[in-house]
Amino acid sequence: MPSDYRLAPAVAARLLGGVLIGIAVMVFVATGLVIVLDLHSVVLVIPLVIGLLAFVAAAVLHQRRGWVVRLSEEGYKVQWVRGVGTDAARWTDVEDAVTDTVAGAPVVVLRLRDGRTTTIPVQMLAVDREQFVRDIQAHLQRGHGIRKL
């Protein structure tokens, strides 16, 4: 059975907060241009509308494609993570899964048979670390044909 793991609420809030800061900067710059160039104050509506559209687009994108890790019967896929390494592979290509710490943050490293790796920062996910590791192990065992009795 497939499993989707979404962004942790704190990470999503930080990302959407960044969008809001971008909107504030655009409005601030537009305000400066209105003052310096003696433009009509209606010009301020343009960055505000653009910013609100960007905010709504970010919220919709998070809602529809907000998953970070997708585990299926065939394999896994990771998105939205920089430095992940290999972002997708079949379970039959995975040699093992180990937990580690990178830059002080807990990660799960999926080591592939050809030497490549996938590094998944667990703090980005809206799930308990142990539950995530157990789910990966279960998918990996099923992918290798190991069935529990």
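The values are calculated or read from the model by the stated rules, or taken from the named source; none is laboratory data. Because the structure is a prediction, the values reported are computed rather than measured. Note that each Cβ is placed from the backbone with ideal geometry, even for glycine, and that neighbours are counted across all protein chains shown.
Observations, loosely collected:
- Evaluation of R82 against (1) outside the structural domain of Q137 (by TED's automatic domain parsing); (2) within 20 Å of M124 (Cβ to Cβ); (3) surrounded by fewer than 11 Cβ atoms within 10 Å (Cβ to Cβ) (one fails), failing number: (1)
- For the stretch 49-62, residues that are surrounded by 14 or more Cβ atoms within 10 Å (Cβ to Cβ) and over 22 Å from the mean Cα position of the chain (by Cα) total 1.
- Failed item in (1) in contact with a Phe, Trp or Tyr (Cβ under 9 Å, 6 or more places away or on another chain); (2) buried (at least 17 other Cβ atoms within 10 Å of the Cβ), with R90 passing the rest: (2)
- Residues of the stretch 95-149 classified as at positive phi and either among the aliphatic types (A, V, I, L, M) or in a helix (DSSP H, G or I) (or both), total: 1
- For the stretch 95-149, filtered to residues that are touching a residue at least 60 places away in the same chain (Cβ under 8 Å) and more than 18 Å from the chain's Cα centre (by Cα), the residue that is surrounded by the most Cβ atoms within 10 Å (Cβ to Cβ) is H139.
- Counting the residues of the stretch 76-94 that are in a strand (DSSP E or B) and either without any contact (Cβ under 8 Å) to a residue 60 or more places away in the chain or at positive phi (or both) gives 7.
- Checking M1 against (1) at pLDDT below 90; (2) assigned to a helix (DSSP H, G or I), the condition it does not meet: (2)
- Inside the stretch 20-63, residues that are part of a helix (DSSP H, G or I) and either closer than 18 Å to M124 by Cα or of a type outside the set (V, I, T) (or both) make up a count of 24.
Residues are listed down the side, and each one gets a yes or a no for (1) of a type in the set (D, E); (2) free of Cβ contacts under 8 Å to residues at least 12 places away in the same chain; (3) more than 25 Å from H139 (Cα to Cα):
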| position | (1), (2), (3) |
| --- | --- |
| V36 | no, yes, yes |
| S41 | no, yes, yes |
| I46 | no, no, yes |
| G51 | no, no, yes |
| A58 | no, no, yes |
| W67 | no, no, no |
